[in-house]
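See structure below.
Derivation of every value follows stated rules applied to the coordinates shown; laboratory data play no part. Bear in mind the structure is a predicted one, so any value in this text is a computation, not a measurement. With ideal geometry, Cβ positions are generated from the backbone for all residues, glycine too; neighbour counts draw on all protein chains shown.
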Amino acid sequence: MEASDDIEVRQVTAEDSEQLMAFLLEHYYPEEPLTAGTSPPEPEEADKTFLLSNIPNGTCYVALERGSSRIVGAVVAGYKDADMPKIIAEEAFTYRNTKWGNILSILAEVEAGSDVCRRFDLPSCIHVHALAVNPQVRGRGLGVRLMNAIAARTVELGQPLVCVDCTSVYSAKLMERLGYQLIHTLRYEHHLDARGQQIIQPPKPHESVQTFVLKL
Ligand code: ACO
């Protein structure tokens, strides 16, 4: 467990599932550009189920206020391998014409373009799926602490690399500050459906999904 000042960062357990999802529904989904940029505003069950399915890997962390144990930040990560571009493309087809399907469609294009495991010739790596901090405590380095917890866990698991698709300019700036390497960019205006319409309409100032990696 990492600890400093009034906030501690620790691994998520199965008992935290409900509180973690309540935090994500309040502070991740409403602002995250893929969720905010597709309708309806609420995330679908398949999306929520997918994020929570990562907890048993021990690759999810929360930032908690000491005393109250209120969650003020969270990061959800999991394993991926070279089959991921194919798997996400298949899932995007399964969920086509739904909000989750539209989100998966851009993630499938990003996965195909970044192709991290093949690009770096790795059997597997750790992928960060979601990162959020309560607006009341942003700008205090909690995103950094949560990402550092993931990097430390990645080393502990014997994995060689952390990957993250930054759908937000704020998370992209954070990865740059942490020394992550930018390997792929897909602009939202270039991700189109069969009729040539833009699929994701993110709120300003978000313009692209940027994939960053940290080799460990
Ligand atoms: N809107 C406006 N300003 C912001 C935002 C935001 N979403 N995020 C950070 N800032 C500001 C901070 O207040 C800080 O300002 P300051 O320098 O004046 O103090 C500055 O940007 C730097 O902030 P960081 O310390 O880098 O931000 P922090 O780690 O606290 O939060 C995070 C970054 C977690 C990405 C946050 O923006 C967030 O929770 N966003 C909502 C969910 C989201 O979009 N997540 C990323 C999607 S990509 C992914 O999940 C893999």
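Shown for the chain: lysine pairs separated by 8 or more places, or found on different chains, whose C-alpha atoms are under 26 Å apart, numbering 13. Measuring how big the chain is from its alpha-carbon positions, Rg and Dmax come out at 16.4, 53 Å. Using R0 = 22 Å, the C-beta based FRET efficiency linking F93 and L192 works out to 0.85. Close amide H contacts of A130 (hydrogens built in the peptide plane, cut-off under 5 Å, sequence separation of 5 or more or a different chain): V76.
Put simply, the amide H of V72, placed in the peptide plane, has neighbours under 5 Å in A63, L64, E65, leaving out anything fewer than 5 places away on its chain.
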